[in-house]
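The values are calculated or read from the model by the stated rules, or taken from the named source; none is laboratory data. This structure is a prediction, so every number in the text was calculated from the model and none was measured. Note that each Cβ is placed from the backbone with ideal geometry, even for glycine, and that neighbours are counted across all protein chains shown.
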């Protein structure tokens, strides 16, 4: 508790703020002593002048960013009723060491940390719904198999052990099963398995390549990329593999679909000219919209947990880097700037 905090705004200040159309006032005070950092956060509602939130955040000297992010998320929740994204993280691929290793970082690009380090090729990272596990494809033992790393214990284990390609793991919303693409029976098809690697079930049966599955938030449907019609396009099917329907028709190449956590949009990489852009479409095939405009190529979209932002990889400045864009395409922010190439971002669920 923060003692001595006024329970109301000064009346003159409240009236001035209201006249300017300001609905809320946010205050933060940072102090430092021998015990560490203290951040006192307050939120006032200007209509009534009432103090609606107050809390003291404390931590070591090097935790100020964390404390600010915690307060930022609380602000978003108190004012909108939705969870904020300030404490979320991104897993991505980087060639900083000369090999494609997996890293995690804060959503704004700070505190990158390698999580593989096997001096091999690592691809397709995917957060579990709990945010504690990451599934990915690795060539660490020669064959491209799916592995899981536990971020809390650093323990890692191999989930698949078959000849052929096992890629694009995608967790179901409840975290109990995983969809993935594999070529174990010939061409790449979509399969499903339990989180322990057992209970493998084939979902697609086509002569074309079926890859990159993504779950709807309800877990009832899966979108994926297939060239069964002659060119790579986005398709949707029920989670048991039935009722397959084509979603995209514009463009010669559409891939890397990801379903919004709100359920109302699917983002994907759409080829335009010599490069790709990030596009969105409604699950019924309507409302196609190009979100990015380049230059370069924009690929590998991933939604923020609140469904308001899309993280993606872009070559617009020469090397590949991670960017984020709002769903209207009006605001683009560069996230990585390490001098290396960075691809394949996946946004944590919390």
Could you list all residues from segment 275-295 that are more than 22 Å from residue 124 (Cβ to Cβ) and without any contact (Cβ under 8 Å) to a residue 24 or more places away in the chain? 282, 284, 286, 287, 294, 295
Given (1) surrounded by fewer than 16 Cβ atoms within 10 Å (Cβ to Cβ); (2) over 23 Å from residue 67 (Cβ atoms), residue 14 misses just (1)
Among residues of segment 45-81 being in a strand (DSSP E or B) and out of contact with any helix residue (DSSP H, G or I) (no Cβ under 8 Å at 6 or more places or on another chain), the residue surrounded by the fewest Cβ atoms within 10 Å (Cβ to Cβ) is 50
Those residues of segment 197-210 which are assigned to a strand (DSSP E or B) and either under 19 Å from the mean Cα position of the chain (by Cα) or farther than 10 Å from residue 181 by Cβ (or both) amount to 201, 202
Spot the failing condition for residue 105; the list is (1) without any contact (Cβ under 8 Å) to a residue 24 or more places away in the chain; (2) surrounded by 15 or more Cβ atoms within 10 Å (Cβ to Cβ), and only one is missed. (1)
If you go through segment 226-236 one residue at a time, how many are free of Cβ contacts under 8 Å to residues at least 40 places away in the same chain and part of a strand (DSSP E or B)? 3
Name the residue, out of 55, 42, 35, that is within 30 Å of residue 106 (Cα to Cα) and over 34 Å from the mean Cα position of the chain (by Cα). 35
Of everything in segment 82-102 that's touching a helix residue (DSSP H, G or I) at 6+ places or on another chain (Cβ under 7 Å) and surrounded by 15 or more Cβ atoms within 10 Å (Cβ to Cβ), which residue is farthest from residue 337 (Cα to Cα)? 83
Looking at (1) surrounded by fewer than 22 Cβ atoms within 10 Å (Cβ to Cβ); (2) part of a strand (DSSP E or B), can you tell me which one residue 310 breaks? (1)
What is the one condition in (1) exposed (fewer than 15 other Cβ atoms within 10 Å of the Cβ); (2) under 22 Å from residue 37 (Cβ atoms); (3) at pLDDT 95 or above that residue 130 does not satisfy? (2)
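To keep it simple, each residue is scored yes or no on (1) at negative phi; (2) in a strand (DSSP E or B); (3) exposed (fewer than 14 other Cβ atoms within 10 Å of the Cβ); (4) at pLDDT below 95.
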| position | (1), (2), (3), (4) |
| --- | --- |
| 217 | yes, no, no, no |
| 242 | yes, no, yes, no |
| 248 | yes, no, no, no |
| 279 | yes, yes, no, no |
Go through segment 113-173 and tell me which strands (runs of 3 or more DSSP E), entirely inside it, have 2 or more residues that are over 17 Å from residue 302 (Cβ atoms) and within 20 Å of the chain's Cα centre (by Cα). 145-150
Could you tell me whether residue 30 is loosely packed, with under 14 Cβ neighbours inside 10 Å, within 28 Å of residue 105 (Cβ to Cβ) and either without any contact (Cβ under 8 Å) to a residue 12 or more places away in the chain or in contact with a strand residue (DSSP E or B) (Cβ under 8 Å, 6 or more places away or on another chain) (or both)? yes
Inside segment 289-304, the number of residues satisfying the requirement of being at pLDDT 95 or above and either surrounded by fewer than 17 Cβ atoms within 10 Å (Cβ to Cβ) or part of a strand (DSSP E or B) (or both) is 8
Only residues that are over 15 Å from residue 188 (Cβ atoms) and crowded, with 20+ Cβ neighbours inside 10 Å: list them for segment 223-232, please. 223
Residue hits (segment 174-191; without any contact (Cβ under 8 Å) to a residue 24 or more places away in the chain and in a strand (DSSP E or B)) are 177, 182, 189, 191
